[in-house]
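Comments concern the structure below.
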């Protein structure tokens with residue numbers, strides 16, 4: 001019995017020694033504002049911002065709201081993640097000037113046609129736009145964010161502006 005007690009005591013000591021003596025690792029956690037990403041937070045005070053947007057074969061952008069700061073240099077990259085050709089399911093990003101009617105602009109874009117890349121009147125009502133893309137293609141456009149306000153963005157391919165639209169918010 002004495003032997004069993006000694007063996008138990010020895011095992012307990014061995015266990016205690018093997019578990020102890022190590023310093024606890026402290027985890028450093030970064031704070032992050034709710035509703036933002038690390039990338040967005042890093043760019044918050046920056047003079048430039050990169051924005052990624054995708055369009056698919058279901059006539060949908062992956063974002064319906066984009067936020068930037070007034071005066072920032074914005075580089076927007078649109079990627080067509082679908083597979084359909086440009087003539088069937090082309091997509092672009094078109095940022096409209098304030099007061100532009102989406103419906104009227106879309107009608108003029110349809111009339112402008114493929115040879116004008118579906119941008120009417122040489123872009124008179126447009127702040128910035130990408131080229132028209134087919135499945136698997138990407139294009140970027142760089143521009144200065146306009147003054148604070150809420151602007152509309154659309155895809156100007158015929159019939160797409162009803163579903164492919166969103167708000168470009170400049171703070």
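Derivation of every value follows stated rules applied to the coordinates shown; laboratory data play no part. Only a predicted model underlies this, so the values are computations on that prediction, with no experimental measurement involved. Every residue, glycine among them, receives a Cβ derived from its backbone with ideal geometry; neighbour counts consider all protein chains shown.
Each Cα pair under 8 Å and six or more residues apart adds its separation to the average, and for the range 46-170 the resulting relative contact order is 35 percent.
For the range 46-170, the antiparallel share of DSSP beta bridges with both residues in that region comes to about 60%. The label-point distance for residue 77 and residue 101, in a model that sets each label 7 Å from Cα toward Cβ, rounds to 3.8 nm. Shape class for the range 46-170: oblate, because the ratio a/c of the largest to smallest gyration tensor axis (alpha-carbon atoms, square roots of eigenvalues) is 1.5 or more and b/c is at least a/b.
Just subtract the alpha-carbon distance of residue 87 and residue 143 from 0.36 nm times their residue separation and send over the number in nm, one decimal.
Taking 0.36 nm per residue and subtracting the Cα distance, the gain is 17.5 nm.
Over all pairs of different C-alpha atoms, the range 57-130 has a mean inverse distance whose reciprocal, the Kirkwood radius, equals 13.9 Å.
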